[in-house]
Each structure stands twice: as structure tokens, then as C-alpha cells.
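Before any comments, here is the structure.
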Amino acid sequence: MRAKQRTLLVLLGLIVLAGAALALLTLANRREEEAASAAEAGTIPLSSFAVEDLTAIQYTWQGQTVSLAYEEGVWTLADDPDYHLDQTKCDTMAAALADLKAKRRLEAPAGEDYGFAAPLLTVTVTAADQTSTFTFGDTNTVTGDIYLQKAGDGAVYTAAAAKAGCFEYGKAELFEPFNPAGITASRLERIEYTLPEGETVRLQAVSVPAEETEGDSAAYTTVWRLADDPDAPLDQEAVDALLSALGGYVTGQITGADPSAYGFDQPLAAVSVSDGEKSYALAYASGADGYYLRVEGDGSVYTVDGTAAAAFVPAEELKS
């Protein structure tokens, strides 16, 4: 009996030791992973500030300089505040600068350039009345990290390439597509547009009984009808193209534009729509470089896909 007890005690001790060893190994692995993660992100601080303390970021990439202003949580172009900026891309830039850490610090050998003579990117950030400038050069072909310098510091640092990658946008790439008129196509009740030949096409949304539902009541659905020919069946694809054009997003913006330079002296379609609560007036035109949209009360000209302008067809082409 005692021999069995001793055996059980030995086995229990071995289990405890094995458990302790496993716990130590797990802890060691976790610490190793955390250390590797920290090394990957960088541990040498080059900047540290709260994003809300930011006031400006200016960067030059591929010869184009972009100046961003930040106030009350909103980003604008410093020289073009009406431009519709992608706020998420700007927030990513701010986050990269607010906690910028390098992986390694190098003493640059004489004659070694690291790409700073013709830098990939130069960034100047102002936060809490302090300004810092960073220059990003070549990428290390082995590690994939990028070389950078901080103004006033003669050392060369390496950092994750993503720290520079989030700035690789010109003004056009910083535009955020949106619907400048604020139209929700599913809410529209009336569409009217005039074509260059003078024809005015009028459509009205009407409710008609759908298939019978369970019980005695009938369901209703909304369909579009020509105001001047309400009994004519319409091509649903053509109607959907109209609604898609009106509710779709623009792809670019030219602020302070001269409308005549973009074909609005002779628009492809002068459009008026209503959702029962608000009316919207807009126009589509074509120019040498593409298709454009203007919204009444908005000083910008917007670029659109050609399919949007092509959706406004004569009444006969809307019929099925």
C-alpha cells in the first residue's frame, strides 16, 4: 500500500513539475512574441503627441506637396478647404506620426546616401506648437524597412515601410467619393430632365398593388411612370440606370471651376428631382477630359462616370 502511495506521490509531483514547466514555457513564448512585436513596430521614439494636438501636416510625395489642416476633428486641404477629403486616410497619416518609432539607429558612413538626396517622401508635422520634419529615403531590400531621418538629428533610422506608405497619395487620391446633392434615390418621387434637343422627360413614382398577400389586404409597390404617358410600360433597367446616376457617388472634384470650361453651356441633361420634402437641381455635361456634374448652390464641378450622364435618354428609349 505504502509503495503505491509513494508511486502516486511521485507521479503527482511529476505532473506538477510538468505543469509548471509548461506555464514557464508559455510565459517565455508570450514574452518572446511581445518582444518580436515591439521590435517589428519599433522601439526608438522619434515623435510622441496626441492626435488632438495636431494642427497641420505637410508632405511632399512624387513632386506633389499636400498641406493638410486639422481643426475640431476635421481635416481640410489648407489651400482648398472645400475639397472633399477622405478623413480616414488623413487619420491614418496622423496616427503614423503621433507615435513614430524607429527600429534601428545607424551612424551613417561617409558617402552613404540612403536615398535622402532624392527622398521618397518628406513630412512636416505641427502639434502642440512644435514642428518636426521627417525625410524618408530608400527601402532596405532585405528587411523591407525604410530609412528615415529627423531634421536636427544626424542619425539614420529604419522604420516599418507602412509609416511612409500611408502618405503615398496625391490630391486626387485623397478625394472621398460622395453624393454632393445628398440624393437618396429610393426616396425620390419625381424626376424631370431636359435634353439638348429640347425634349423634357417627366417621370413620377406611383404606388400600385402588388401580388396578393396572405389575408384580405393587398401589398403595394412603387413603380415609375412617364407623366405624359402613364400607361406606357418602362424598361426597368433604364429606370434603374437613372436612379443609379442620381443616387451615385462622384469620382472627383474641381473647386472654384468655370462651368463653361466643362461643357455646362450646353449640358447633356438639366435635371430637377424631388423626394417630396426637398427639391434638387443638377446638370450633367461632357468635356474634353470626361463627364461632369454640377449641383445648384455648389461652386464645384464634379467628375462622374460616363454611364451616369448616358442614363438620361429620350422618353421613347425609356419604354420597354
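For segment 117-141, name all the residues that are assigned to a strand (DSSP E or B), more than 18 Å from Val66 (Cα to Cα) and of a type outside the set (Val, Ile, Thr).
Selection gives Gln130, Gly137, Asp138.
What tally of residues in segment 116-164 results from selecting those that are of a type in the set (Gly, Ala, Ser), surrounded by fewer than 18 Cβ atoms within 10 Å (Cβ to Cβ) and free of Cβ contacts under 8 Å to residues at least 40 places away in the same chain?
Adding up the residues that qualify gives 6.
Considering only segment 187-197, how many residues are in a loop (DSSP other than H, G, I, E, B) and under 36 Å from the mean Cα position of the chain (by Cα)?
Within segment 187-197, residues that are in a loop (DSSP other than H, G, I, E, B) and under 36 Å from the mean Cα position of the chain (by Cα) number 4.
From the list Thr222, Thr184, Thr200, which one is more than 35 Å from the chain's Cα centre (by Cα), exposed (fewer than 15 other Cβ atoms within 10 Å of the Cβ) and among the hydroxyl-bearing types (Ser, Thr, Tyr)?
Thr200
Name the single residue, out of those in segment 203-219 being assigned to a strand (DSSP E or B), modelled with pLDDT under 80 and not small (Gly, Ala, Ser), that is surrounded by the most Cβ atoms within 10 Å (Cβ to Cβ).
Glu212
For segment 56-70: of the residues being crowded, with 18+ Cβ neighbours inside 10 Å and of a type in the set (Val, Ile, Thr), which is farthest from Phe134 (Cα to Cα)?
So the residue we want is Val66.
Any idea how many residues of segment 231-276 are in contact with a strand residue (DSSP E or B) (Cβ under 9 Å, 6 or more places away or on another chain) and either among the small types (Gly, Ala, Ser) or open to solvent by less than 70 Å² (accessible area, probe 1.4 Å) (or both)?
32
So which residues in segment 165-181 are touching a strand residue (DSSP E or B) at 6+ places or on another chain (Cβ under 7 Å), surrounded by fewer than 16 Cβ atoms within 10 Å (Cβ to Cβ) and within 30 Å of Gly115 (Cα to Cα), if there are any at all?
Within segment 165-181, Glu168, Gly170, Ala172 qualify.
Would you mention how many residues in segment 258-276 are part of a loop (DSSP other than H, G, I, E, B) and more than 16 Å from Glu192 (Cα to Cα)?
5
Identify, please: which residue in segment 71-86 is part of a strand (DSSP E or B) and open to solvent by less than 50 Å² (accessible area, probe 1.4 Å) and is, among those, nearest to Pro180 (Cα to Cα)?
Per the criteria, the residue is Leu85.
With the structure loaded, tell me whether Gln87 is modelled with pLDDT of 95 or more and touching a Lys or Arg at 6+ places or on another chain (Cβ under 8 Å) or whether it fails that test.
So Gln87 fails the test.
Have a look at Ala245, Ala155 and point out the one that is more than 34 Å from the chain's Cα centre (by Cα) and within 30 Å of Lys89 (Cβ to Cβ).
Result: Ala155 is the single residue among Ala245, Ala155 that is more than 34 Å from the chain's Cα centre (by Cα) and within 30 Å of Lys89 (Cβ to Cβ).
For segment 154-186, give me the residue count where each residue is of a type in the set (A, V, I, L, M) and not in a helix (DSSP H, G or I).
Total satisfying the criteria: 7.
Got at least one residue in segment 56-79 being closer than 23 Å to Asn140 by Cβ, among the charged types (D, E, K, R) and without any contact (Cβ under 8 Å) to a residue 60 or more places away in the chain?
no
For Asp91, are the conditions met, namely being within 14 Å of Tyr70 (Cβ to Cβ) and either without any contact (Cβ under 8 Å) to a residue 60 or more places away in the chain or among the basic types (Lys, Arg) (or both)?
Considered against the rule, which asks whether it is within 14 Å of Tyr70 (Cβ to Cβ) and either without any contact (Cβ under 8 Å) to a residue 60 or more places away in the chain or among the basic types (Lys, Arg) (or both), Asp91 comes out as yes.
Sort out which residues of segment 254-301 are of a type in the set (S, T, N, Q) and touching an Asp or Glu at 6+ places or on another chain (Cβ under 8 Å), and write them in order of number.
Matches in segment 254-301: Thr255, Ser272, Ser274, Ser300.
Please determine, by comparing only the residues of segment 277-290 that are of a type in the set (Gly, Ala, Ser) and touching a Leu at 6+ places or on another chain (Cβ under 9 Å), which one is surrounded by the most Cβ atoms within 10 Å (Cβ to Cβ).
Ala285
When you look at Ser320, is it open to solvent by 50 Å² or more (accessible area, probe 1.4 Å), more than 21 Å from Asn179 (Cα to Cα) and of a type in the set (Gly, Ala, Ser), yes or no?
So Ser320 fits the description; yes.
For segment 291-314, what are the residues that are open to solvent by 20 Å² or more (accessible area, probe 1.4 Å) and either farther than 16 Å from Ala185 by Cβ or in a helix (DSSP H, G or I) (or both)?
Passing the criteria: Tyr291, Arg294, Glu296, Gly297, Asp298, Gly299, Thr303, Gly306, Thr307, Ala310, Val313, Pro314.
The values are calculated or read from the model by the stated rules, or taken from the named source; none is laboratory data. Since the model is a prediction, treat every value here as computed from it, not as a measurement. All Cβ positions, glycine included, derive from the backbone under ideal geometry; neighbour counts span all protein chains shown. SASA here: full protein model, heavy atoms, side chains in, ligands and nucleic acids out. Shrake-Rupley method; radii C 1.70, N 1.55, O 1.52, S 1.80 Å.
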